[in-house]
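Pasting in a structure now, in structure tokens, and then I'll have a few things to ask.
The values are calculated or read from the model by the stated rules, or taken from the named source; none is laboratory data. Predicted model, so just to flag it, every value in this text is computed and none were measured. Glycine also receives a Cβ, built like all others from the backbone with ideal geometry; neighbour counts cover every protein chain displayed. Side chains included, ligands, DNA and RNA excluded: accessible areas come from the protein's heavy atoms. Shrake-Rupley method; radii C 1.70, N 1.55, O 1.52, S 1.80 Å.
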Amino acid sequence: MYELFAKFNLRCKKQQTGFSAEENQTDFGSRFLKNILPYALSVFCGTAIAFICAGLYYFLLFIQNFALGNEENFSFESCKKNFPQIFVSSAVAAAVWALLQHYCGKIKSVSDAVKGEKLPFFKTAVHIFAQIYVSGSGLSVGREAAARQAGTLAGQTFARYLPLSKREAELTVACAAAAGFAGVYGSAAAGMFFALEILLSKIDLKAIIVCFLTCFSTSAGTGFFIKDDKPLFELENPCFSQSFAIFSLICAPLFGFVGAAFRETVKKAARRRAKGARILLFLPAAGLLTAIIAHIMPQISGNGIFAVRFSLLSVRENAVAILFATAIVKFVLTCLTLRSGAYGGTIMPAIAVGACAGGCLAGVLANIFPYMHFSASIFVLLGSCIVLSVSQKAAFMSVFLIFELFKAPAALFFPILLCCFLACETDKLLFGNINRKLRQKTNMTDSATSF
């Protein structure tokens, strides 16, 4: 009787699950391996991307030492001495990108790769090194876009040879791109929020864990290869005060307008980027203009690191006019470089524009309210955070990144994050209505011409 009951129970379990007891054990092992695979892959992929980011960093240093001087602390004299290298590098990069577009077709972006499009290995590798080359030579574009594409290429390579679903492959590629971003600046939190706020359309607990593991592995690995304990930018007396709290909330929408203008102008310049044979004319011309201006204003050279350091030095001397001019020139040159056919990141140029705008505003407030006590360098930090958060539409990513670069005190985190949220909401209110009216006008024009 007991044996008949046991057979009946086993038959019922087999009908419910479709597998026998031995098959269930095998299925449990495969499901366990499938569930643990994305987490193990994230650590392995992040470690591999750390090697790539370190290699790109040393390639950037090699180019930068040759073109602009010693590492990223290049001086005014070295920029004035080597400014012709900007024009030469723009001509070389123009030839490279013209050949890539002629023989290999459209250059695909990270967003295309996350959506499932395959990045060709050789073409993408040449494209990555061309971006690092022009950024290290002094053109006004960032270097993080190259690292993101390198991480994306590595993530696609891993996902191609592993049994991953479509959602898992998308998550792997997005996290690999974010890991490349984290490896450039050594900030795992900023890389994770870059993937969650910008790249991924669906966010769950698994996506958060995988993104953090990948970015943390890359950030830790890059820190192992690149020994540098000093912050990229150093604040002077970054103390919180009531005056700063009042002025920051009032000035947040103003910085938000600068960030929105930078985002829309860069987006329009990238859409109308010169291609084909035109890049051979426009990009060297943009390089020549950059070289001429860099001979007079060396702080505009490169991706924007020197402009931020220049703003931190100039804000002590209350140099409002030169900071305002630096912000305008950096804004225009970044958009002009992208419009002329170059490729590259816009994160560090946005930080530079925000830093110069913040230093300029601090000088104006110091002249209007001489008896109000506040740290002028905090306005450089505030302007960088707000302009970057509005231009990228990613407040958390921007604040974590800026605080990592400046090594800012934790007491300023939530006040500045509140200002970033206020600026982003102001951007949605103003530019959202403008874009909505433009879309309605375009739709009305299209419907009228269809008749």
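Is it the case, given these coordinates, that THR290 is in contact with a Gly (Cβ under 8 Å, 6 or more places away or on another chain) and surrounded by 15 or more Cβ atoms within 10 Å (Cβ to Cβ)?
Working: in contact with a Gly (Cβ under 8 Å, 6 or more places away or on another chain): yes; surrounded by 15 or more Cβ atoms within 10 Å (Cβ to Cβ): yes.
So THR290 fits the description; yes.
Every residue in the stretch 336-369 that is part of a helix (DSSP H, G or I), open to solvent by 10 Å² or more (accessible area, probe 1.4 Å) and either of a type in the set (A, V, I, L, M, F, W, C) or under 13 Å from ALA307 (Cβ atoms) (or both), please.
LEU336, ALA357, CYS360, LEU361, VAL364, LEU365, ALA366, ILE368
Which of the residues spanning the stretch 105-150 are within 24 Å of LEU336 (Cβ to Cβ) and among the aliphatic types (A, V, I, L, M)?
If the condition is that a residue be within 24 Å of LEU336 (Cβ to Cβ) and among the aliphatic types (A, V, I, L, M), then ILE107, VAL110, VAL126, ILE128, ALA130, ILE132, VAL134, LEU139, VAL141, ALA145, ALA146, ALA147 are the ones that fit.
Only one of (1) small (Gly, Ala, Ser); (2) outside any helix (DSSP H, G or I); (3) open to solvent by 20 Å² or more (accessible area, probe 1.4 Å) is not met by ALA321, so which one is it?
(2)
Then there's this: Residue by residue through the stretch 326-351, note down the ones that are closer than 20 Å to TYR133 by Cβ and of a type in the set (A, V, I, L, M, F, W, C).
Across the stretch 326-351, the qualifying residues are LEU333, LEU336, LEU338, ALA342, ILE347, MET348.
Only one of (1) over 27 Å from ALA269 (Cα atoms); (2) of a type outside the set (A, V, I, L, M, F, W, C); (3) buried (at least 24 other Cβ atoms within 10 Å of the Cβ); (4) within 17 Å of the chain's Cα centre (by Cα) is not met by SER187, so which one is it?
(3)
Let me ask another. Can you tell me which of PHE403, PHE374 is under 16 Å from PRO238 (Cα atoms), modelled with pLDDT of 90 or more and open to solvent by 10 Å² or more (accessible area, probe 1.4 Å)?
On the way: PHE374 fails: modelled with pLDDT of 90 or more.
Result: PHE403 is the single residue among PHE403, PHE374 that is under 16 Å from PRO238 (Cα atoms), modelled with pLDDT of 90 or more and open to solvent by 10 Å² or more (accessible area, probe 1.4 Å).
Yes/no matrix, rows are residues, columns are (1) closer than 17 Å to TYR57 by Cβ; (2) surrounded by fewer than 22 Cβ atoms within 10 Å (Cβ to Cβ):
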site	(1), (2)
ALA150	yes, no
GLN156	no, no
ALA169	no, yes
CYS175	no, no
ILE203	no, yes
ALA207	no, yes
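Could you figure out which of (1) buried (at least 24 other Cβ atoms within 10 Å of the Cβ); (2) in a helix (DSSP H, G or I) isn't true of LEU139?
(2)
Ok, one more. List the helices (runs of 4 or more DSSP H) inside the stretch 31-117, counting only whole elements, that have at least 1 residues being at pLDDT below 90, closer than 30 Å to LYS267 by Cα and open to solvent by 40 Å² or more (accessible area, probe 1.4 Å). Even if it seems obvious, please write down each step before you answer.
Working: elements: 76-82, 84-104, 110-114.
Per the criteria, 84-104, 110-114.
Also, I was wondering about something else. Are there any pairs with C-beta distances below 7 angstrom linking a residue in the stretch 285-311 that is touching a residue at least 12 places away in the same chain (Cβ under 8 Å) to a residue that is of a type in the set (D, E, K, R), with the two at least 6 apart or on different chains, and if so which?
Final answer for the pair search is HIS295/LYS80; PRO298/LYS80; ILE300/LYS330; ASN303/ARG143; GLY304/LYS330; ILE305/GLU72; ALA307/LYS330.
If you scan the stretch 370-420, which residues turn out to be outside any helix (DSSP H, G or I), small (Gly, Ala, Ser) and either more than 15 Å from GLY256 (Cα to Cα) or more than 20 Å from the chain's Cα centre (by Cα) (or both)? Steps first, please.
Let us first name the residues in the stretch 370-420 that are outside any helix (DSSP H, G or I), namely 370-375, 393-394, 407-409.
If we keep only those that are small (Gly, Ala, Ser) as well, we get 375, 394, 408.
Of everything in the stretch 370-420, those that are outside any helix (DSSP H, G or I), small (Gly, Ala, Ser) and either more than 15 Å from GLY256 (Cα to Cα) or more than 20 Å from the chain's Cα centre (by Cα) (or both) turn out to be SER375, ALA408.
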